[in-house]
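The values are calculated or read from the model by the stated rules, or taken from the named source; none is laboratory data. Note that the coordinates shown come from a computational prediction; the quantities given were computed from them, not determined experimentally. FYI the Cβ positions are ideal-geometry reconstructions off the backbone, even for glycines, and counts take in every protein chain you see. With ligands, DNA and RNA removed, areas are computed over all heavy atoms of the protein, side chains included. Shrake-Rupley method; radii C 1.70, N 1.55, O 1.52, S 1.80 Å.
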Amino acid sequence: MSRKEEAKEILQAMEVPTKQQNDLCCFVLLAMAGVHESGSWLSAGNEWMGIHDIIAYIKENYGITYAENSRETFRKQAVHHFRNAAFIEDNGKVTNSSNYRYRLTAEMLTLVRSYGGASWNKKKKSFMSAHESLIRQYTSRRAVQKMPVRINDSDFAFSPGKHNRLQKAIIEEFAPRFAAGSECLYVGDTTEKDSVKKVDKLREIGFEITRHDKMPDVVLYVKEKNWIYFVESVTSTGPMEPKRIKEIEEMTKGVTADRIYVTAFLDFKTFKISSDCLAWETEVWIAERPDHMIHFNGDKFLGPR
């Protein structure tokens, strides 16, 4: 096994995310431990090193050249994460100082020196009991960041971001106002593709989902009126333009319910950008003005109010 593969095994054992097990991160660990291809982990050290020193060490000892202007990549992909995991520490200088340096913590140094030896598992267990792994740290942060959403009287959590913020608004603000009594049959999440997918109910109204279909972001159904709402969050595939309407019609040929096509926007400014490509006979809802709808083609509503 090469030293790079051993470094990866150490990072895996320390429960770092897959992104922090790449070649660059492995070389950073090797450089900071001062372990070259013919060296041993038992003789690892923890000299203070700047990013420039790390890049130079990798080039000299492993023949891999990283450009000097890739220093920010080293910080973002490896150094910041290693510091979060308590693998390394800095010398306390201001971050833009030319004397800013990093080194392995004393605990990490003791751990890597034990790699491959009889005390490795004991040292690893001791380190892990004192420090939360990166995977647990980041999973915990993502859970805190998630947005609670109430769908069909059940609680869900969406990952953060504009798209899911708008979907939350569609379900909690649009639906009660303009699709009263509706049931949400489908909604996706940017990280979990199908947060809600009521296949049996969809099939019951003639909607067969195949894995090739590009579903609308939110599908609502009002059984009393036999109305089905296809709501597109403009932050994903874009607005309900003629091409998108045709795509949805193709995938819902068997649906007998009356169809309502809605494009949802977070704000009026975004709506104005897309307003010239919206299809006729569709609706627009803007989250920042939740009590109103814009109907593209007024013949339904002509007459005194």
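Only one of Lys19, Lys8 is free of Cβ contacts under 8 Å to residues at least 24 places away in the same chain and under 26 Å from the mean Cα position of the chain (by Cα). Can you tell me which?
Of the residues listed, the single one that is free of Cβ contacts under 8 Å to residues at least 24 places away in the same chain and under 26 Å from the mean Cα position of the chain (by Cα) is Lys8.
Taking the criterion of being assigned to a loop (DSSP other than H, G, I, E, B), open to solvent by 30 Å² or more (accessible area, probe 1.4 Å) and among the small types (Gly, Ala, Ser), the residues of region 103-131 that qualify are Gly116, Gly117, Ala118, Ser119. Which residue is surrounded by the fewest Cβ atoms within 10 Å (Cβ to Cβ), if the candidates are limited to region 162-185 and must be hydrophobic (A, V, I, L, M, F, W, C) and in a loop (DSSP other than H, G, I, E, B)? Filtering first and then ranking leaves Ala180. For region 98-146: of the residues being at pLDDT 90 or above and polar (S, T, N, Q), which is farthest from Gly45 (Cα to Cα)? In this case the residue turns out to be Asn121.
Among the residues making up region 1-48, those that are β-branched (Val, Ile, Thr), under 27 Å from Arg136 (Cα atoms) and either in a loop (DSSP other than H, G, I, E, B) or open to solvent by less than 60 Å² (accessible area, probe 1.4 Å) (or both) are Ile10, Val16, Val28. Residues in region 49-102 that are free of Cβ contacts under 8 Å to residues at least 12 places away in the same chain, part of a helix (DSSP H, G or I) and either surrounded by 12 or more Cβ atoms within 10 Å (Cβ to Cβ) or of a type in the set (Ser, Thr, Tyr) (or both): Ala56, Lys59, His80.
As a summary of the residue check, Arg244 satisfies the conditions (1) more than 17 Å from Ile170 (Cβ to Cβ); (2) at pLDDT 85 or above except for the one numbered (1). Mind checking whether some residue in region 250-259 is surrounded by 15 or more Cβ atoms within 10 Å (Cβ to Cβ), among the β-branched types (Val, Ile, Thr) and under 24 Å from Arg289 (Cβ atoms)? No, region 250-259 has no match at all.
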